[in-house]
Amino acid sequence: MTDRHRKQWEALGASDPYWAVLTHADKKGGRWNKEQFFQTGVDEVEGIEQKLARLGTKHGRALALDYGCGVGRLSRALAARYTKVIGVDISQAMLDEARTANAEIPNIDFVRGNGHHLSGLVADRSVDLVYSNIVLQHSPAENQRSLIGEFCRIVAPGGVIVFQTPSHANLRTAKGIVHRVLGNRLLNIPRRFVYGKAGVMELHTLDRDEVLRILRGADLRVLEVERYDSAGPAFVGYLYVAAKR
Ligand SMILES: C[S@@+](CC[C@H](N)C(=O)[O-])C[C@H]1O[C@@H](n2cnc3c(N)ncnc32)[C@H](O)[C@@H]1O
C-alpha cells in the first residue's frame, strides 16, 4: 500500500464516502439514501450466508472480519449474525463515518489497517468468517497477495474466507482494452477530471491461478470460485470461497 493509495481513499472518504463505496452514477454528491444504502449490505450478506449454507460450511459465529469496511455497509449486516465484527480499513475518513453511522451497534470495532497485513491487529486462527468485497481490486497485486495470505493466517479451523477480486481485464470490452493498454498511471489523468484531484479510484487485478495457488499453498480447501464482476464489465472477476481444515 503506497502513500498514493492511502491518500486516494482519504480523499474519497472525506468527499463522498457513500458514493465512493457504491459508485452508482445517480448517487454522486451525497445522494445515497442511507437506509437503502445499508439495506444493500443486508441483502449481500444474506446472499453470502445462503451460499455458505449451500456449500455446507460449519463455521462458528463468534467473530467476523470485514476487510476494507468503508462506512460499515457489510460490518453492520454481519453484526446481526456474529457475536463480534471487526471492520478494518486504510482510510481514517471512512472509519470516522463508519463509527458515526453505526454508533448504535455495540458489537463492531472499526480499526485502521496499514493495507498490507493484519499482524498486531488480528490473531492467528481466530476469525470464523473473513469477508472482503470490492476492496482488493483497489490495491496493487503485491498488496493483494499479502492480504490473501493474511486472510489464510487469521481464519480459524473450520472457518471460511470469502473475497472478490478481478483476475484480468476483459478484452471483449472497450474499457477492458483501454485498461490493459494504458494501465492505472495513465488512466489516473482522466480519472482526476471525473473524481477530483486527489479522489482517484484505481483498479488492479490478480490472476485467478495465482489466487488459487496462494489459497491451496496455505492448506485451505477451495469450495467455490464464482464469476463475479463487481469491478464492472471491464474486468473478469471472481468470488472465492475457501475453508480452513
Ligand atoms: C469500494 S469501498 C468498499 C467498502 C465495503 N467493502 C463495502 O462493500 O461496503 C473500498 C474500501 O476499501 C478500502 N481500502 C482500499 N484499499 C485497501 C487496503 N489495501 N486495505 C484496507 N482497506 C482498503 C477503502 O478505503 C474503501 O473504504
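The values are calculated or read from the model by the stated rules, or taken from the named source; none is laboratory data. The structure displayed is predicted, hence computed values, not measured ones. Backbone-built Cβ (ideal geometry, glycine too); neighbour counts: all protein chains shown. Accessible surface areas use protein heavy atoms only, side chains included; no ligands, DNA or RNA. Shrake-Rupley method; radii C 1.70, N 1.55, O 1.52, S 1.80 Å.
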Scan the stretch 86-96 and give yes if some residue there is within 12 Å of the ligand (Cβ to nearest atom), more than 17 Å from the chain's Cα centre (by Cα) and under 30 Å from Asn188 (Cα atoms), otherwise no.
-> yes
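Can you say whether Arg6 is within 9 Å of the ligand (Cβ to nearest atom), of a type in the set (D, E, K, R) and open to solvent by less than 20 Å² (accessible area, probe 1.4 Å), as far as the supplied structure shows?
On the way: within 9 Å of the ligand (Cβ to nearest atom): yes; of a type in the set (D, E, K, R): yes; open to solvent by less than 20 Å² (accessible area, probe 1.4 Å): no.
Criteria not met by Arg6.
Of the residues that make up the stretch 121-132, is at least one within 26 Å of Asn33 (Cα to Cα) and more than 8 Å from the ligand (Cβ to nearest atom)?
Here is the first cut: in the stretch 121-132, the residues within 26 Å of Asn33 (Cα to Cα) are 131-132.
After this cut, where a residue has to be more than 8 Å from the ligand (Cβ to nearest atom) as well, the list is 131.
The answer is yes, given that some residue of the stretch 121-132 is within 26 Å of Asn33 (Cα to Cα) and more than 8 Å from the ligand (Cβ to nearest atom).
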Could you please find all residues in the stretch 123-145 being open to solvent by 10 Å² or more (accessible area, probe 1.4 Å), more than 13 Å from the chain's Cα centre (by Cα) and closer than 20 Å to Gly70 by Cβ?
-> Pro140
Kindly list the number of the only condition in (1) out of contact with any strand residue (DSSP E or B) (no Cβ under 9 Å at 6 or more places or on another chain); (2) free of Cβ contacts under 8 Å to residues at least 60 places away in the same chain that fails for Ala20.
-> (2)
What about Gly68, is it within 15 Å of the ligand (Cβ to nearest atom), under 21 Å from Val241 (Cα atoms) and surrounded by 16 or more Cβ atoms within 10 Å (Cβ to Cβ)?
-> yes
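Of all residues in the stretch 29-41, count the ones that are under 17 Å from Met94 (Cβ atoms) and more than 18 Å from the chain's Cα centre (by Cα). Can you show your working first?
From the stretch 29-41, those under 17 Å from Met94 (Cβ atoms) are 30, 32, 34, 37-38, 40-41; that's our starting set.
If we keep only those that are more than 18 Å from the chain's Cα centre (by Cα) as well, we get 30, 32, 34.
Qualifying residue count, the stretch 29-41: 3.
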Residues in the stretch 23-44 that are touching a residue at least 60 places away in the same chain (Cβ under 8 Å), farther than 16 Å from Thr100 by Cβ and part of a helix (DSSP H, G or I) total 1
Among residues of the stretch 199-223 being surrounded by fewer than 15 Cβ atoms within 10 Å (Cβ to Cβ) and not in a helix (DSSP H, G or I), the residue modelled with the lowest pLDDT is Asp219
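Per-residue answers, yes or no, for (1) surrounded by 13 or more Cβ atoms within 10 Å (Cβ to Cβ); (2) of a type in the set (A, V, I, L, M):
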site	(1), (2)
Ala156	yes, yes
Val162	yes, yes
Thr165	yes, no
Arg172	no, no
Val178	yes, yes
Gly183	yes, no
Leu186	no, yes
Val194	no, yes
